[in-house]
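Step one of this worksheet: look at the structure below.
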């Protein structure tokens with residue numbers, strides 16, 4: 001890869017472990033607008049690469065492309081509301097991860113043959129059993145473009 005930031009779509013995709021069609025899609029939806037060279041080929045400069053990194057990191061954090069569009073648009077009227085909702089979602093997911101870790105660590109140490117019969121293990125999931133949680137979080141089987 002070149003040392004300067006004047007990368008082709010292939011170089012940019014490779015840098016982030018993406019397929020080139022993903023970058024084209026992100027361009028189609030308005031997330032990216034790389035410059036074109038004399039032959040019409042996309043050229044990604046530093047600002048473009050920062051935007052790609054922002055999209056990659058935001059998707060990893062669970063944001064949709066629509067939310068990322070708002071994140072990258074300082075003039076979006078509902079920017080703060082969308083970002084505040086995402087922060088609340090991150091907080092909820094982090095709490096779920098903390099509980100999942102606690103459950104998994106207990107399962108590693110527990111001597112019960114059937115972990116679901118262990119009173120301490122059952123206590124970790126009691127909020128779900130008793131209905132104290134409003135709803136189950138969505139289960140995502142794959143990361144989408």
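Observations on the structure shown:
- Our Cα-only numbers for segment 55-107 put the radius of gyration and Dmax at 14.2, 48 Å.
- Simple spin-label estimate for residue 83 and residue 110 in nanometres, 7 Å along Cα-Cβ: 4.1 nm
- Relative to the current alpha-carbon distance between residue 46 and residue 132, full extension at 0.36 nm per residue lengthens the span by 26.2 nm.
- For the chain, the fraction of alpha-carbon pairs in successive 10 Å shells from zero, as %: 9, 29, 23, 18, 13, 6, 1
- Footprinting exposure proxy for 80, 106, 86 (fewest neighbouring C-beta atoms within 10 Å first): 80, 106, 86
- Segment 1-83, Rg to Rh (Cα coordinates; Rh as Kirkwood inverse mean 1/r): 0.99
- Rel. contact order, % - alpha carbon contacts under 8 angstrom, at least six apart, the chain: 14 percent
Here, each number is a calculation from the coordinates, and none is a lab measurement. Fair warning: this is a prediction, and the values are worked out from it, not measured in the lab. Positions of Cβ are generated from backbone atoms using ideal geometry, with glycine treated the same way; all protein chains shown enter the neighbour counts.
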